[in-house]
Structure formats: structure tokens, C-alpha cells
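We did not get these values from a lab; they are worked out from the coordinates using the rules stated. Every value quoted in this text rests on a predicted model; they were computed, and no experiment measured them. Quick reminder, even Gly has a Cβ in these numbers, built from the backbone with ideal geometry, and neighbours come from all protein chains shown.
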Amino acid sequence: MEMKQKYLIAIALFLFFTSANSQTLYDINTVQEIEINFPSASWDSIMDVYKNTTEEYYMADWVKINGIQYDSAGVRFKGNSSYNANSNKNPLHISLDEFKNQNHQGFESIKLSNGYADPSFIREVLGYGILKNYMHCPQSNFAKVTINGAYYGVFTNDESIDKKFISEHFYSDQNCFVKCSSELSPSAASKNSFKYINADSSSYSSTYDMKSDSGWADFIDLCDVITNNVSDLPNKMDVDRAIWMLAFNNLFVNLDSYNGVYAQNHYVYKDNTGHFNSVVWDLNMCFGAFPFAGQGTIGVGQKTVPELIAYSPFAHATDIAWPLINDVLADATMKRKYLAHYKTMLSENILNGNYVAAAAQCQSIVDSALNTDVNKLFSYQQFQGGLNTDVIFGSFTVPGISNLLEARKLYLQTIPELIATEPTIGTPIFSNNSPSINSVVNITVSISNANMNNAYVGYRFSIEEKFIPLPLFDDGLHNDANANDGIFGNAINIAGPSMQYYIYAENDSIGKFLPARAEHEFFTLTALVPIPAIGAISINEFLAGNTNGQQNELGNFEDWIELYNNTDSIINLFGLYLSDNFAQPNKFSFPANTLINPHNFLTVWADQESLSTGLHANFKLSVSGEQIILSDGANIVLDSISYGAQISNVSMARCPDGTGNFVISIQPTYNGSNCTDGLISVSNKGAICFPNPSNGIININFGQERQENTVVISNLIGDQLFSLSSIKNQETIDLSALSNGMYFVVINNEQTIKLLIHQ
């Protein structure tokens with residue numbers, strides 16, 4: 001009986017996930033609907049007490065996200081300056097898994113900001129919308145929040161920078177992970193600026209928040225390099241990503257950041273290559289809404305609006321309180337890369353006016369929700385004038401976004417380095433556009449107005465890797481035609497099925513990338529690798545939620561994906577990729593000479609481990625449901641599946657192996673045939689349930705004669721609500737006592753029908 005109950009729950013959740021979550025949580029074009037129901041009418045006072053004492057979460061009876069209900073979620077007030085016990089609208093942090101293991105579309109935390117210091121109410125969404133083109137950053141949109149039946153207000157809904165985010169973007173989540181956000185004082189010793197203090201972690205723990213289980217030694221080493229040994233910085237940090245962050249903060253006057261007085265609101269994560277990656281956080285005071293730039297080791301450096309407009313691209317260049325800015329602007333090449341990225345963002349957003357159209361789109365999306373928000377922190381008229389009206393806020397003035405950027409555009413066009421003529425880079429040409437693996441290809445590219453010795457091609461063969469700079473020469477000795485003819489060249493060994501690359505050149509004033517958004521964007525050269533025919537290789541079985549089954553080489557219970565060779569020949573998987581995201585199909589590349597024998601199995605651990613033995617993907621499987629895709633990383637999909645919520649230690653498997661439909665296996669068969677007695681398959685005997693949707697009365701036609709038929713009706717979490725045994729071929733059932741919503745009708749323990757009741 002317990003086995004059947006698990007089966008019913010899994011089938012119900014599988015069908016629910018694939019049909020009910022059609023609205024994505026961070027869709028920019030829709031305002032999310034979030035409802036919270038607390039057990040007490042005094043919820044606001046209770047959460048004030050929690051905020052000012054223990055910082056614990058208050059348990060809500062339920063939280064609904066776009067109509068999907070989650071019971072016993074944790075909710076608390078968040079924020080520093082944006083929180084005020086006397087405010088009618090405080091920022092919220094919803095933790096769906098605080099008291100119960102649950103998530104919404106894989107997201108466990110919902111971060112909701114109240115628009116503090118932002119009359120336009122669009123700074124955060126607009127800022128992240130720009131930044132996402134240049135570096136990994138949170139998703140952001142708008143959400144309406146209702147609490148205990150009353151409209152509490154509209155908020156910005158920002159993706160949490162947590163292990164899910166880190167795993168998705170940096171392909172691991174167990175390494176050193178630090179949040180740099182502590183408003184203490186503007187003194188150099190307490191900034192989150194990577195200033196090296198000493199080797200004692202206690203000297204850093206008050207200003208940095210270690211989000212991983214360990215890592216202080218790694219982080220202190222990073223601070224030591226940034227402060228004392230800049231020549232080693234490329235070996236410790238993703239410098240390109242850090243430069244994008246610094247350039248964005250300066251250009252868009254985002255001073256509640258590393259570039260401002262507290263050097264805060266950023267994260268760093270050390271990936272499996274040993275490099276720390278920067279992530280920007282908290283853009284509600286972007287576009288000049290936070291005027292405290294910092295000054296020396298103790299000054300707050302408050303700026304007027306004219307000073308914000310004329311904020312120098314080289315601010316803090318020699319101020320020892322900001323050692324990362326010192327490093328970038330003191331090194332000639334890093335400074336020219338900084339200017340190249342700065343000019344790209346300036347050209348793509350401000351000079352062409354694109355930010356105005358993006359801002360107008362944000363305003364139109366949130367207009368109606370904000371107009372009816374009685375708790376908004378600024379008036380509706382101030383929201384409407386958010387682009388071109390300055391607003392006094394406390395001791396300073398928040399500039400209208402266009403007022404700031406249009407004037408700043410004129411100022412920046414007077415900066416010699418930004419108006420200097422940049423290098424010109426032509427289209428790269430390869431001697432073979434479809435090279436074979438381990439062959440050597442020549443690359444040539446036309447470059448003018450550049451220094452002879454400072455051009456290179458950055459290349460890599462996996463998105464997990466960092467780009468390797470390979471010098472390009474114009475000396476007539478590197479397959480580059482004639483010396484000094486403006487044609488630069490070199491040779492590259494094609495060591496993988498797909499090479500990602502970009503070109504960089506510089507002159508004495510400024511650098512230039514092709515494509516302009518490199519390293520975040522890049523070109524791809526695909527090697528000529530034999531790809532198996534569609535159907536030759538199948539995803540045969542997978543287990544998301546392994547807690548007591550097969551163990552990997554480290555002795556850990558980890559998720560796994562099993563493949564099956566449907567052919568009579570050995571197949572080499574080199575050139576193929578596995579991923580858990582259709583939008584990012586080339587996450588995990590199979591190593592060279594990964595062979596799978598005819599009609600045999602091969603299993604990949606989805607554990608994010610970097611081991612020399614076995615196959616270990618750089619992603620994990622979500623027990624709440626996601627995708628698995630086997631492809632060439634570009635155009636050819638060999639097999640894929642979108643799956644729903646899973647039960648721990650119960651796999652989804654094909655029977656017959658390689659060709660059957662996915663069914664539930666209560667006895668996973670790691671690296672073996674699925675067609676055993678432990679497999680429960682789902683058959684369709686042709687029963688029908690009508691009408692569907694129903695007003696509460698349904699008819700079930702069982703479809704074939706048998707001595708007895710059974711009907712079980714359950715809710716989405718598998719709770720049995722109704723059961724019936726019948727000797728008839730058709731039954732009429734009254735379900736009018738059930739609430740409106742989705743249910744599952746299980747007929748004869750072999751067919752599940754999704755039923756919508758709407759009375």
C-alpha cells in the first residue's frame with residue numbers, strides 16, 4: 001500500500017509541474033502575484049520584533065505565488081536603510097523552505113524590495129536589465145503583495161544570490177562564497193574592499209559574511225593578492241568580470257556598491273578553476289540615488305547632483321581604501337580594458353538612448369500596480385516624473401534618471417580616453433572553419449590603430465574554464481601574411497569539440513574587444529566531430545534525490561543520469577554535452593574517448609565534483625523538477641526530458657531500455673537494465689473523466705469491462721480525498737465539497753487523469 005501511495009504522489013506532482021507553472025517567477029513582462037496569510041492580525045508588530053532581535057522568520061499559514069500555494073513558509077523583514085519599524089511598507093524576505101522542504105520553480109528564497117530612495121521605482125529592474133548584458137547578475141521584475149487579504153503594495157522581485165544562483169552560473173556551489181555587505185563606518189579598516197588586514201579570520205568576519213561552510217583562508221589570500229601582489233591577480237580572480245562590475249558602478253553612478261563609501265553590496269565566489277567571481281547586488285539606489293562616494297580612509301564624500309553628473313571614471317584610482325580599483329587603474333592594460341568596457345556600456349545604453357526606452361517599458365509594466373499602492377514610499381506623480389524630476393530625500397537629492405544620464409553623457413564625452421580613437425578589429429578568419437579534433441588551425445584578423453605587442457585571442461574549450469590569452473603577431477612569422485601589414489595571426493590547437501573565443505587589441509589610450517561584450521559574450525568555432533544519429537543514444541534513467549542508494553567515488557549519495565546505446569556499435573560521446581537547462585545546453589562536455597558499448601549503459605554523476613575518475617557533471621539535478629538534455633551543445637538534440645517533482649530514492653526510467661516511455665522505478669537500476677520487477681509502469685486503459693474542467697460533478701467511464709473498478713482522488717501532495725469501488729462501467733461522482741483547484745483521479749491504480757474543479 002505504501003508503494004502505491006508513493007507512486008500516486010509522484011505521478012501527481014509530475015503532471016502538475018509540467019502544466020501548472022507556466023508563468024515564470026522572473027518574467028519581466030508580467031507583475032507577479034504574491035499572497036501571504038499570517039495566523040495573527042498583528043503580523044507587522046511580530047515581524048518588527050523579530051527584525052530587531054533574533055532576525056528569525058515568522059511562519060505564515062501559507063504563501064501563494066501566482067496562485068500556487070506553499071504552506072508554512074517563513075517571512076521576515078529585510079534591509080538596512082530600507083527597513084523602518086514605523087513604515088507601512090517594509091522589504092520582505094520569503095523563505096519557502098524555512099520550515100518545510102519546498103520551492104517555487106526551484107527558487108527557495110523570494111527577495112522583495114520596497115523602492116527605498118527611488119521615486120522612479122524602476123532603478124533596480126532597469127539596472128539589472130542593463131547589467132545582465134555584461135556579467136552574471138540576478139533576475140529582477142515586479143511583484144504585487146497581498147497580506148491577510150489586504151493589498152500591501154508593489155515590490156521589486158530580485159533573484160537571491162544563493163547556492164542555486166552560484167551553481168547555475170559558476171558550475172559548483174561548495175567553494176568559498178562571501179557576501180560583502182556590512183554598513184559599519186567609512187573607515188578603511190571596515191570596508192568590504194578586499195583590503196588585507198592580517199591572516200586572522202576574526203579581523204574580517206565583522207565586515208564580510210562567509211556564506212559557505214569554510215573558506216576564510218582562500219578569501220584572505222585573495223585580499224592579500226589584491227592589496228599586496230597585484231601581479232598574481234589574474235590567477236586568483238576573474239579580472240574581466242571584476243572590471244565589468246567597476247565600470248558599471250562608475251558609469252551609472254551606483255555608489256551603494258564596491259565603488260562607494262562602504263565598498264559593499266557585492267559577492268565573490270571561488271569557482272573550480274580557483275578564480276573568484278564578482279556578483280553585483282542591490283541596485284535600488286543605482287543612477288545617483290546614493291550620493292556617498294567615500295573619500296580617503298574616513299570621509300563619506302557626499303556628492304551633489306552636479307558632482308554625480310561629473311563623477312570621474314577614475315574615482316579612487318589612488319585611494320588605498322579601494323585596492324581593487326587601484327589595481328585596475330594602475331595597470332596599463334587593465335585600465336585600457338576598463339575603458340573599453342566602460343565605452344561599450346556608454347555606447348549601448350546612454351549615447352544611443354536605449355536606457356530611455358527600457359525605462360519607459362519598466363514604467364508601463366508597473367504603472368497600474370503602483371498607482372493603486374497606498375503604501376508606496378513616493379507619490380504616483382513622483383513615479384511618473386522619475387526620469388526627469390529631481391526629488392529631495394532626507395539630506396540629499398535623488399536625481400531623475402534621465403536628468404543624471406543625459407548630463408553625464410555630455411560630461412563623459414569630454415574625457416580624453418573615452419573619445420580617443422579605439423582600435424579597429426576585423427572579422428577573424430580561420431584556415432579551417434570545421435577543423436577536426438587535435439588539429440591546428442591558423443587564425444588571422446585585421447587590426448589597425450593598435451599597439452603591435454598587445455593584441456591577443458582569448459580562447460577556451462569549456463564554459464567552466466577561464467579564457468587563455470594567445471598573442472597575435474604581425475611579424476610575418478605566425479601565418480599572418482607579411483610583417484607590419486595590419487594582419488595579425490597565430491595558430492591554435494583544437495583540443496575540444498567547441499572553441500569559444502574573442503579578440504582583444506589596444507593602443508596607448510584605450511582597448512577594444514570583439515565582440516564588444518567579451519568575455520561575457522564570445523564567438524564559437526565548432527570542430528568537425530561525428531555526432532551519433534538521433535535515437536542512437538538515449539537518456540535511459542535518472543535519479544534526482546539520492547539519499548541512500550548508489551555512492552560516488554567520495555562515498556557520497558549523489559544524483560545520477562544513465563545513458564543507453566541503442567545501436568550495435570561502440571559510440572564515442574566526445575563532442576556531446578549534458579545539461580539541466582535547455583537555454584544552456586553545453587554545460588558538461590564529455591571527455592575524449594568516452595565510450596559506450598553496444599546496447600550498454602553509461603552513468604554520469606550529477607554532483608558538481610571535480611574528480612579524475614568517473615564522469616562528474618558540473619550541475620546537480622533538482623528534486624523539484626527541471627530538464628535534462630543530451631546534445632551537441634548547439635543545434636542537435638539527441639534526447640531530452642522535462643521532469644516534475646521527484647521522490648527521494650525513486651528514479652524515472654525507460655522500459656524497454658532506451659526506447660520506452662519514462663516510468664517510475666521504486667528500485668533504481670544504476671548502470672543496469674530497467675525492465676525488472678521493481679519497475680511500476682503507467683498504462684493507459686482508455687478511461688475518460690468528464691466534464692473537465694468540472695463544476696463539481698464528474699462522470700467516469702472506465703473504458704473496459706472488469707469485475708471491479710477503483711477510483712482514488714488526491715490533491716497535489718498525494719493526500720487521498722475520495723475513494724470508490726464500483727462494478728459498473730460508468731459512475732457519476734459528486735465532488736462539490738472540494739475547493740476549486742487541481743486534483744488527480746487515479747483509476748484502477750494504472751491511469752492518472754488531471755482534473756480541474758471550478759465551481
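Of the conditions (1) touching a residue at least 24 places away in the same chain (Cβ under 8 Å); (2) more than 30 Å from residue 391 (Cβ to Cβ); (3) within 24 Å of the chain's Cα centre (by Cα), residue 101 satisfies every one except a single condition; which number is it? Of the numbered conditions (1) touching a residue at least 24 places away in the same chain (Cβ under 8 Å); (2) more than 30 Å from residue 391 (Cβ to Cβ); (3) within 24 Å of the chain's Cα centre (by Cα), the odd one out for residue 101 is (1).
Considering the stretch 62-111, the residues that are surrounded by 15 or more Cβ atoms within 10 Å (Cβ to Cβ) and among the basic types (Lys, Arg) include one that is farthest from residue 647 (Cα to Cα), namely 89. In summary, helices (runs of 4 or more DSSP H) completely within the stretch 197-282 and bearing 1 or more residues that are β-branched (Val, Ile, Thr) occur at 216-228, 239-251. Entry remark, the stretch 295-325: residues being in a helix (DSSP H, G or I) and either without any contact (Cβ under 8 Å) to a residue 24 or more places away in the chain or under 26 Å from residue 413 (Cβ atoms) (or both) number 6 in total. For the stretch 239-268, the set of residues classified as among the polar types (S, T, N, Q), under 21 Å from residue 346 (Cβ atoms) and touching a residue at least 40 places away in the same chain (Cβ under 8 Å) consists of 250, 254, 259, listed by residue number. Within the option set 359, 289, 340, being outside any loop (DSSP other than H, G, I, E, B) and over 18 Å from residue 242 (Cβ atoms) holds for one residue only, 359. Taking the stretch 594-610 as the range and being surrounded by fewer than 18 Cβ atoms within 10 Å (Cβ to Cβ), in contact (Cβ under 8 Å) with a residue 24 or more places away in the chain and farther than 14 Å from residue 620 by Cβ as the test, the residues that pass are 595, 597, 598, 599, 600.
Of the residues making up the stretch 34-61, just one is charged (D, E, K, R) and surrounded by fewer than 13 Cβ atoms within 10 Å (Cβ to Cβ), namely 55.
Each row is one residue, and each column tells you yes or no for (1) within 29 Å of residue 349 (Cβ to Cβ); (2) in contact with a His (Cβ under 8 Å, 6 or more places away or on another chain); (3) not in a helix (DSSP H, G or I).
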| site | (1), (2), (3) |
| --- | --- |
| 414 | yes, no, yes |
| 417 | yes, no, no |
| 435 | no, no, yes |
| 447 | yes, no, yes |
| 462 | no, no, yes |
| 465 | no, no, yes |
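Scanning the stretch 627-637 for residues that are surrounded by fewer than 21 Cβ atoms within 10 Å (Cβ to Cβ) and touching a residue at least 40 places away in the same chain (Cβ under 8 Å) yields 627, 631, 632, 634, 636, 637.
To keep it simple, each residue is scored yes or no on (1) aliphatic (A, V, I, L, M); (2) surrounded by fewer than 14 Cβ atoms within 10 Å (Cβ to Cβ); (3) touching a Lys or Arg at 6+ places or on another chain (Cβ under 6 Å); (4) touching a residue at least 60 places away in the same chain (Cβ under 8 Å).
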residue	(1), (2), (3), (4)
407	yes, no, no, yes
432	no, no, no, no
446	no, no, no, no
453	no, yes, no, no
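Only residues that are part of a strand (DSSP E or B) and either in contact with a Gly (Cβ under 6 Å, 6 or more places away or on another chain) or not small (Gly, Ala, Ser) (or both) were counted across the stretch 624-635, and they come to 4.
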